């Protein structure tokens, strides 16, 4: 099955969450579509439809990001490009933390992931997962990617202040937005998880 991304972090995470399915990243010769949807679901479908059209294979695509309460839900669908089209994770995270500090409001945030599946018959399905948490003022931890070094998930418990970048991959997959969406996809495909 084609995973409509070239982000090897996503490929690795989803392979762990979907045992028994061989996921291939988007072939180099396939152009990435413009992600101009207003929602995570719209962008996931844009990527899935483009990959399906280019390869003719069953495809999975996800769109995910972080919504910050004090920023009225930003960066949202622009999470990967928040500090600019060619921004890296560090730049995006730095911009969010500066803006949250300047807003002097809630540090509440949530991760959202929508996975789109287009199966071998061309039917489309959507699976959504969320993970609620709080942003810390200074990034911590070496694991994960994106906004993980500043995101403390609620589901690890009120006495646990580890960021997503400080917990094990197994712990992260059990509570993350992507993990929850992937389990819904696994259930749909009758896969073990």
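Rule-based calculations on the coordinates, nothing more; no lab input. From a predicted model like this one, the values you see are computed outputs, not experimental measurements. FYI the Cβ positions are ideal-geometry reconstructions off the backbone, even for glycines, and counts take in every protein chain you see.
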Item to complete: Per DSSP H run of n ≥ 4, the term is -39500 (n - 2.57); total these for the chain, divide by its residue number, and report the mean residue ellipticity at 222 nm rounded to 500 deg cm²/dmol.
Response: -9500 deg cm²/dmol
Item to complete: For the chain, set up a Gaussian network in which alpha carbons nearer than 10 Å are linked by springs, and say which option among 147, 82, 111 fluctuates the most.
Response: 82
Worksheet item: How do 5, 134 rank when sorted from fewest to most other Cβ atoms within 10 Å of their own Cβ?
Response: 134, 5
Worksheet item: In degrees from 0 to 90, rounded to the nearest 10, what is the angle of the helix 40-55 Cα long axis to the longest principal axis of the chain?
Response: 30
Worksheet item: Using a Gaussian network model of the chain with C-alpha springs under 10 Å, which one of 160, 28, 88 is most mobile by mean-square fluctuation?
Response: 28
Item to complete: Within 10 Å of each residue's Cβ, count the other Cβ atoms and sort 6, 178, 183 from fewest upward.
Response: 6, 183, 178
Worksheet item: Taking the alpha-carbon centroid of each part, what is the distance from region 25-49 to region 152-193 in angstrom?
Response: 24
Worksheet item: Between residue 125 and residue 8, what length comes free when the chain is fully extended (0.36 nm per residue of separation minus the Cα-Cα distance, one decimal in nm)?
Response: 39.8 nm
Response to the item:
When all Cα-Cα pair distances of region 46-123 are considered, the percent exceeding 20 Å is 45
Practice prompt. Report, to the nearest 10°, how far helix 89-103 tilts away from the longest principal axis of the Cα atoms in the chain, using its own Cα long axis and a range of 0 to 90°.
Written response: 40
Worksheet entry | Translational diffusion of region 33-91, µm² s⁻¹ [Kirkwood Rh, Cα pairs; Stokes-Einstein; 4 °C; 1.567 mPa s] | 104
Item to complete: Kindly provide log₁₀ I(q)/I(0) values, in the same order as q = 0.17 Å⁻¹, from the Debye equation applied to equal alpha-carbon scatterers of the chain.
Response: -1.11
Worksheet item: What is the helix-to-structure angle for 8-17, meaning the angle in degrees between its Cα long axis and the longest Cα principal axis of the chain, kept from 0 to 90 and rounded to the nearest 10?
Response: 80
Discussion item. Within a 10 angstrom radius of the beta carbon, how do 90, 29, 35 rank from fewest other beta carbons to most?
Written reply: 29, 90, 35
